[in-house]
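Have a look at the structure below, then the notes.
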Protein chains: 2
Amino acid sequence: MYKAKAYSAASATSPLASSTIARRDPTETDVQIEILFCGICHSDLHQVRNEWSGVMPTVYPCVPGHEIVGRVAKVGASVTKFKPGDLAAVGCMVDSDHTCPECQAGLEQFCPNLTLTYNFPDKHLGCVTYGGYSDSVVVDERFVLRVPSNLDLAGTAPLLCAGITTYSPMRHWGVTKGKKVGIVGLGGLGHMGVKFAHALGAHVVAFTTSPGKKEDALRLGADEVVISRNADEMAKHAGSFDFILDAVSASHDINAYINLLRRDGNITLVGAPEKPMPLAAFGLIMGRRSLSGSPIGGIPETQEMLDFCGRHNITSDVEVIPIQKVNEAYERLLKSDVKYRFSIDMASLKSE
Amino acid sequence: MYKAKAYSAASATSPLASSTIARRDPTETDVQIEILFCGICHSDLHQVRNEWSGVMPTVYPCVPGHEIVGRVAKVGASVTKFKPGDLAAVGCMVDSDHTCPECQAGLEQFCPNLTLTYNFPDKHLGCVTYGGYSDSVVVDERFVLRVPSNLDLAGTAPLLCAGITTYSPMRHWGVTKGKKVGIVGLGGLGHMGVKFAHALGAHVVAFTTSPGKKEDALRLGADEVVISRNADEMAKHAGSFDFILDAVSASHDINAYINLLRRDGNITLVGAPEKPMPLAAFGLIMGRRSLSGSPIGGIPETQEMLDFCGRHNITSDVEVIPIQKVNEAYERLLKSDVKYRFSIDMASLKSE
């Protein structure tokens, strides 16, 4: 074991603060990574504040962070994919059982014995896993991703959650050139959705409640922007979409979007509103439309996404902050006051 | 034009009563059918009582009926598929534009210029279309189906709506041998769902709120029956279904069924509850599951379904009634007091 610096929360009501945590020495198959940047995901805030106590109660101290980019510091004896000095990335998962049908299919995100990057039982040290708000992390090489060398590293970090969460359903539901694709909500997830749909060759329509985001949506790659509160604008697109990515976690009317789908069209939810959403069956029945959900992607698809980003030079639009500003960033996150993701420059942790 | 006997409603509050309607003489492409049996669909009752006034207001007199089986009486000069004396069937549609992409794909049910079998503008006579509660009907041969000669005709009639409505989504979502399939609700639609899923080779689980229907479900082809109000029984099937057909129109908790789907599983609604259903996004997201809807099928698939029924000797379980009992049957329908579909013996109309 060795000691690593980290920012952790001591309770649901404590701010994140500088602390020291134990990391395991790399085993034969492990990669030790010096963390350079870690994105801030809304899940971090939910977990730190124990807002998922019903399904995933928080164990304190809690070190969040699952959008990790860094440089390989050490590798175990049998590691083949990485060597010291390589760029490397880690997302929401750090282990799985490797034997179930899901793992065999490269869909580790559905493995029943998945280990998430933070707040999950750590089979090595007996405590819970600690995430990326730290200067170092040790991860089995099977869960470490390669990072294309041309990408800005601060903007690469959010690809590991916001990126794969939006890329995966587009690939699953066949977004390609010639398709008409809608992206609902222009936040951390939605702005990545616009970039990916555009790069995949689709005709991209961004839906937002904020007229002020129109120019930004066009800059990100949208072909059209619809102010979703304008019923006339919405009506013009009735029955025309092949696919809609709904990245809004606040309560909103999904039926309005279902009616914009063409026959056999799909709308996928990647944001999960807290309260159940009223769903009118008729809109689904009439066009044989479907409504689905999607979490992150598996490891092979996450690598595919990063490689795709390398080829298309796609990163997240980020505001880089020192870790000392993380509590302030959480408050701003609650007000959607960030374009479009915070990325923590982990060099700032050295001074702690 | 010629006169046909029919049962029609004069207003939303009138009972169905004997009347005379005009039918067109067959055009070159038409088939004139002597109706032998017509199934009673819940849609008939909704339309007769103007319960869909918001989307499809009823024009009176209204002659419902879109589960029609009969014998060809006459054919137009260019009709090639039928000759007098042939068995023939008509479902929910009697015309479409034949030129749109949906029609070209054999998915006439999605044609924007579809003509439904009753209460739709009749381009020939200028009034509305009149359905199958009649001794005769004239339909373009492209919307007339062939009936396998081995099938019981009374039980064949409901295949034209209840049958295709349950068959189509199972084919669309890939129900085959080795799949685990759930059927929710054992009514007119659900009992057909059980028969089809069984004949397609799936492991079939019927969900019902009525313990009294258990034996019947097994007789219809279910491998297992789950009483859906029993949470323990439900929990045993968590995450295990490839496909679930939800044939319940009454309000019910769809989230409980979504949680029974395995990764990438689909639940399709063919019943449309009147009120919006509360939907929890999390259940869809966690397993990349999907929820969809499905109406009837297109003409090629309806023929495929009838041919499939011929090969597997599948018909609907019906209670045959004379047309004089139709108003009583409607009252019983409201109480789900029928196993599982009423089929009107149209010979009874001769005495009117």
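Structure summary
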{"item": "Chain A - mean residue ellipticity at 222 nm from DSSP helices (-39,500 (n - 2.57) per run, n ≥ 4, rounded to 500)", "result": "-6500 deg cm²/dmol"}
{"item": "Residue with peak Gaussian network fluctuation, chain B [Cα springs, cutoff 10 Å], from B:232, B:337, B:140", "result": "B:232"}
{"item": "³J(HN,Hα), Karplus 6.51/-1.76/1.60, whole Hz, each residue of segment B:52-61, x for Gly, Pro", "result": "10, 4, x, 10, 8, x, 7, 9, 9, x"}
{"item": "Per-residue mean of C-beta atoms belonging to partner chains within 10 Å, peptide B:258-271", "result": "2"}
{"item": "Order of B:340, B:2, B:257 under a 10 Å beta carbon neighbour criterion, fewest first", "result": "B:2, B:340, B:257"}
{"item": "FRET efficiency for residue B:98 and residue B:177, using Cβ-Cβ distance with R0 set to 60 Å, rounded to 0.05", "result": "0.95"}
{"item": "Relative contact order of segment B:162-293, pairs being alpha-carbon contacts under 8 Å that are 6 or more residues apart, as %", "result": "22"}
{"item": "Relative counts (whole %) of C-alpha pair distances in the protein assembly as shown, using bins that are 20 Å wide", "result": "17, 42, 27, 12, 2"}
{"item": "Residue of B:18, B:136, B:210 that the Gaussian network model of chain B assigns the largest fluctuation, springs spanning Cα pairs under 10 Å", "result": "B:210"}
{"item": "Kirkwood hydrodynamic radius of segment A:73-138, Cα pairs, Å", "result": "13.3"}
{"item": "For residue A:321, distant residues with modelled amide H under 5 Å away", "result": "A:343, A:344, A:345"}
{"item": "Total lysine pairs whose alpha carbons fall under 18 Å of each other in segment B:139-285 (8 or more apart, or interchain)", "result": "8"}
{"item": "Given charges at Cβ of Lys, Arg, Asp, Glu: chain B dipole, positive-most of B:8, B:194, B:137", "result": "B:194"}
{"item": "Under the Karplus curve 6.51 cos²θ - 1.76 cosθ + 1.60, θ = phi - 60°, whole-Hz ³J(HN,Hα) for segment B:310-317, x wherever Gly or Pro sits", "result": "x, 5, 9, 6, 9, 9, 7, 6"}
{"item": "For segment A:288-296, Karplus couplings with θ = phi - 60° (6.51, -1.76, 1.60), whole Hz, Gly/Pro x", "result": "6, 7, 9, 10, 9, x, 7, x, 6"}
{"item": "Other-chain or far-sequence residues with amide H under 5 Å of residue B:260's (modelled H)", "result": "B:239"}
{"item": "Rg to Rh quotient for chain B, alpha carbon positions, Kirkwood Rh", "result": "0.97"}
{"item": "Whether segment B:162-293 is rounded, prolate or oblate, judged on the alpha carbon gyration tensor where a/c under 1.5 counts as rounded", "result": "rounded"}
{"item": "Inter-copy label distances at residue B:112 (7 Å, Cα→Cβ; nm, one decimal)", "result": "4.9"}
{"item": "Label distances, nm, residue B:24 versus same residue in remaining copies, Cβ-directed 7 Å point", "result": "7.7"}
{"item": "Placed amide H near residue A:243: partners under 5 Å, 5+ positions off or other chain", "result": "A:180, A:182, A:266"}
{"item": "Where a label projected 7 Å from the Cα of residue A:24 along Cα→Cβ would reach, residues of segment A:102-138 with amide N under 15 Å", "result": "A:114-131, A:137-138"}
{"item": "Percentage relative contact order, segment B:26-166, counting C-alpha pairs under 8 Å, at least six apart", "result": "34"}
{"item": "Reachable lysines, given that their alpha-carbon falls under 19 Å from the alpha-carbon of residue A:123 and they are not under 8 places away in the same chain", "result": "A:3"}
{"item": "DSSP beta bridge pairing in chain B, given as percent antiparallel to the nearest 5", "result": "55"}
{"item": "Within the protein assembly as shown, percent of DSSP bridges classed antiparallel, to nearest 5", "result": "55"}
{"item": "Residues of segment B:273-313 with amide N under 17 Å of the 7 Å Cα→Cβ point at residue A:251", "result": "B:276-282"}
{"item": "Stretchable slack from residue A:152 to residue A:336, in nm (0.36 nm times residue separation minus alpha-carbon distance)", "result": "63.9 nm"}
{"item": "Spacing of the two label points (7 Å from each Cα toward its C-beta) at residue A:46 and residue B:10, in nm", "result": "6.1"}
{"item": "Relative contact order of chain A, pairs being alpha-carbon contacts under 8 Å that are 6 or more residues apart, as %", "result": "18"}
{"item": "Theoretical FRET efficiency, 1/(1+(r/R0)^6), r = Cβ-Cβ of residue B:347 and residue B:327, R0 22 Å, to 0.05", "result": "0.70"}
{"item": "Anchor residue A:339: aspartates and glutamates whose Cα lies under 20 Å away (excluding residues fewer than 8 positions away in-chain)", "result": "A:44, A:67, A:152, A:215, A:216, A:223, A:224, A:246, A:317, A:319, A:328, A:331"}
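Bear in mind that the values in this text are calculations on the coordinates, not laboratory data. These numbers come from a predicted model, not from an experiment. FYI the Cβ positions are ideal-geometry reconstructions off the backbone, even for glycines, and counts take in every protein chain you see.
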